[in-house]
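The values are calculated or read from the model by the stated rules, or taken from the named source; none is laboratory data. Keep in mind that what you see is a predicted model, and the values were worked out from it rather than measured. Ideal geometry is used to build each Cβ from the backbone, glycine not excepted, and the neighbour counts take in all protein chains shown. Heads up: the accessible areas ignore ligands, DNA and RNA and are worked out on the full protein's heavy atoms, side chains in. Shrake-Rupley method; radii C 1.70, N 1.55, O 1.52, S 1.80 Å.
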Amino acid sequence: MGNLRVLVVGSGGREHALAWKLAQSPELQRLYVAPGNAGTVLWNVDIPVRDISALVGFALKEKIDLTIVGPEDPLSMGIVDAFQEVGLRIFGPTQAAARLEGSKSFAKTIMDSAGIPTAAWKMFEEPEQAKAYVRAIGAPCVLKADGLAAGKGVIVAMDLETALQAVDEIMEGSFGTAGKKLVIEEYLEGQEVSLLCFCDGVTAYPMVPVQDHKPALDGDRGLNTGGMGTYSPPPIWTAELEAKVMRDIVSPTLQVMRERGTPFQGVLFFGLILTGKGPKILEYNVRFGDPETQVVMKLLKSDLLPILWACTEGRLAEARLEWKEGVAVCVVMAAPGYPLAYTKGIPIHLPENYQDSVIFHAGTGISEGQLISSGGRVLGVTAEGKTLQQAREKAYALVEQIDFPRAHFRRDIGAKGLEPS
Ligand code: AMP
Ligand code: GLY
């Protein structure tokens with residue numbers, strides 16, 4: 001290792017956070033981000049994340065030593081297989097292993113075969129049968145489109161009428177092939193925690209646990225989004241809880257995937273819910289979370305590059321993983337209207353000095369020399385403190401210094417960590 005040429009695939013806040021951390025590595029020679037955003041402008045190459053053959057071509061031509069994939073789309077399309085076929089090193093799961101996120105029913109089958117605690121479930125391909133089942137189990141229940149639906153394929157139905165409508169919405173509505181199959185699940189209650197793990201196929205190392213804030217509005221109201229903010233670590237998390245999750249959820253998943261001949265290399269993200277009956281898993285994601293990665297990278301003390309490298313070599317057990325003591329908070333500033341139709345092209349002015357905090361870019365671009373918004377989630381304002389209170393104060397003070405007219409953001413990121421639980 002050393003003198004490495006590295007390519008990050010993606011254009012969100014997650015990829016800016018990865019690039020920001022990688023750029024600090026003494027092992028790095030040259031960094032590229034495809035296609036990147038205004039925050040990664042020093043490293044950008046203009047290739048879309050779904051253009052796998054162009055990415056392979058670029059990596060061959062530029063002699064890229066390691067490629068790191070951010071979003072799920074190229075993973076589910078088989079970018080890892082395509083790179084490996086031509087002998088290129090890449091961090092992320094193969095297409096077969098990426099099905100843990102790409103298909104809810106596949107994920108549930110794996111959970112069941114490994115005896116992993118999760119919500120009871122059933123899969124349907126016929127709307128009438130699905131409705132009969134909904135009537136039999138009653139509300140609340142949860143309905144999920146089987147395939148990838150950009151985080152929007154899940155409906156938590158608190159009454160029977162909503163549940164019956166959700167069957168039609170998912171199976172005949174806007175989800176296309178993702179909604180041909182429908183998974184209906186038992187409703188679980190508890191605090192949610194995202195646990196991301198580095199995996200090399202055999203060994204899994206947990207990162208610091210994170211709480212995301214998915215609903216658009218304060219108090220967890222409003223429509224679901226990709227995530228409006230995060231903080232880490234949540235006080236509800238304990239060493240005993242982590243040991244239990246590693247033993248009952250993480251390790252069995254890796255073992256089953258290995259036994260099936262599809263070992264998992266990359267980041268496996270466990271969407272957990274802490275119920276009265278212990279931790280259960282709601283979902284897998286086969287990648288770094290967004291905006292989880294922003295706080296995780298802020299708290300990672302070790303060099304990221306050797307850890308990713310070790311994963312691709314099956315030598316993660318030899319890697320060192322150290323975390324800072326403090327707390328990190330990331331407040332997402334989104335475009336007005338997000339997650340529905342939103343305005344683009346709003347000029348943004350950032351302050352010049354903000355100490356050790358970081359403003360991670362997501363949907364940003366540059367037009368005639370001016371920083372502008374170009375997506376739904378635009379900035380991830382990330383601060384660190386000795387305590388959660390301090391980190392929140394720093395993050396929100398910086399948000400106030402950012403000139404982003406009509407920006408939409410939540411004012412209660414991390415507040416759930418201050419409440420007695
Ligand atoms: P998913 O994409 O599967 O994580 O679902 C999105 C969100 O829906 C989760 O973060 C939960 O808040 C909620 N959810 C999913 N499954 C369940 C369940 N079985 N019980 C309660 N809430 C759920
Ligand atoms: N923040 C949730 C996700 O990345 O899926």
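The table for this structure:
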| item | result |
| --- | --- |
| For the stretch 6-87: span of alpha carbons on each principal axis (Å, largest first) | 30, 23, 17 |
| Where His349, His16 fall by accessible area, highest first, once all protein chains stay in place (1.4 Å) | His349, His16 |
| Cross-link partners of Lys181 among lysines (Cα-Cα below 27 Å; sequence separation of 8 or more within a chain) | Lys104, Lys108, Lys122, Lys131, Lys144, Lys152, Lys214, Lys280 |
| Around Phe288: net Lys/Arg minus Asp/Glu count, Cβ-Cβ under 9 Å | -1 |
| Label-to-label distance, nm, for residues given as Glu322 and Ser53 (7 Å Cα→Cβ offset) | 4.7 |
| Ratio of the Cα radius of gyration of the chain to 2.2 N^0.38 Å, where N counts its residues | 0.95 |
| Calculated log₁₀ intensity ratio I(q)/I(0) where the Debye formula runs over C-alpha points of the stretch 19-62, q = 0.16, 0.20, 0.30 Å⁻¹ | -0.45, -0.68, -1.09 |
| Surface share of carbon and sulfur [accessible, 1.4 angstrom probe, percent] for the chain | 49 |
| Rg/Rh ratio calculated on Cα atoms of the stretch 105-155 (Kirkwood radius) | 0.97 |
| Dipole magnitude (debye, nearest 20) for the chain, charges at Cβ of Lys, Arg, Asp, Glu | 320 |
| For the stretch 210-298: relative contact order, % (alpha-carbon pairs under 8 angstrom, 6 or more apart) | 27 |
| Long-range HN-HN contacts of Glu283 with modeled amide H, under 5 Å | Gly271 |
| Residue among Leu4, Thr109, Ser25 farthest towards the positive dipole end of the stretch 1-136, charges placed on Cβ | Ser25 |
| Accessible area, probe 1.4 Å, largest first, for residues Thr253, Thr312 | Thr312, Thr253 |
| Helix-only mean residue ellipticity at 222 nm for the chain, each DSSP H run of n ≥ 4 adding -39500 (n - 2.57), per residue, nearest 500 | -8500 deg cm²/dmol |
| Solvent-accessible area per residue for the stretch 220-291 (1.4 angstrom probe, square angstrom) | 38 |
| Descending Cα extents along the principal axes, the stretch 235-375, whole Å | 53, 34, 34 |
| Global form of the stretch 51-139, assessed from the alpha-carbon gyration tensor, a/c cut-off 1.5 | prolate |
| Compactness relative to 2.2 N^0.38 Å, alpha carbon Rg of the stretch 171-217 | 1.72 |
| Proximal lysines to Lys61, defined as alpha-carbon separation beneath 25 angstrom and excluding residues fewer than eight positions away on the same chain | Lys21 |
| Heavy atoms of Asp73: accessible area, 1.4 Å probe, square angstrom to 10 | 50 |
